[in-house]
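Everything on this sheet refers to the single structure shown next.
The values are calculated or read from the model by the stated rules, or taken from the named source; none is laboratory data. What you see is a predicted model; the values in this text were computed from it and never measured. No Cβ is skipped: glycine too gets one built from the backbone with ideal geometry, and neighbour counts run over all protein chains shown.
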Amino acid sequence: MNIKNDNLQEFLGVLIKKILGDISLDCAILFGSRARDNFMPYSDIDMIFVGDFKEKFIERPSLIFEHFDFSIGVGIDAFCYTPDEFKKMFLKGTVSILDAIDHGICIYGLDFYNEFKKQLERLKSKGLKREPPVWILPDEMMFD
């Protein structure tokens, strides 16, 4: 079975419900080619999970993998951050974080996501722009 994007959000909603039994999540964001809808048939699923992770960074994805149904024929890249880690990466202008907020799809935790979406839109109105593969910050502007 190869999951198509029309069932993906439903599939991810079920995954989130399973994860919430083990981890308190603030937000889950689908990003990358599946969010942009320019994926190949076996493109993996790129997800950012923001939550109350106690484990070492490298061990966190295994908590997601325990609940993921790999029989769908594609894999998942699970990037797991605490809210503080996510905020720091956003403020540093980490490309994957800015991309996820800019064109990602919030699967869970819309209030958390919208807080960062609003900040990103404010920065874009001040001149922040995306020129792949980077975000360009005007000299006079700093993330705050």
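Taking SER24 and the conditions (1) of a type in the set (Gly, Ala, Ser); (2) out of contact with any Cys (no Cβ under 8 Å at 6 or more places or on another chain); (3) surrounded by 12 or more Cβ atoms within 10 Å (Cβ to Cβ); (4) at pLDDT 95 or above, which numbered condition does it fall short on, given that it satisfies the others?
Among (1) of a type in the set (Gly, Ala, Ser); (2) out of contact with any Cys (no Cβ under 8 Å at 6 or more places or on another chain); (3) surrounded by 12 or more Cβ atoms within 10 Å (Cβ to Cβ); (4) at pLDDT 95 or above, SER24 violates only (3).
Determine whether ILE29 is more than 23 Å from ASP111 (Cβ to Cβ), under 14 Å from the mean Cα position of the chain (by Cα) and surrounded by 14 or more Cβ atoms within 10 Å (Cβ to Cβ).
No; evaluated as a whole, the condition is false for this residue.
Can you pull out every residue in the range 10-21 that is more than 20 Å from SER62 (Cβ to Cβ) and loosely packed, with under 12 Cβ neighbours inside 10 Å?
Within the range 10-21, GLU10 is the sole residue that qualifies.
Condition first: among the basic types (Lys, Arg) and free of Cβ contacts under 8 Å to residues at least 40 places away in the same chain. Now tell me which residues in the range 82-115 satisfy that.
Hits for the range 82-115 are LYS87, LYS88.
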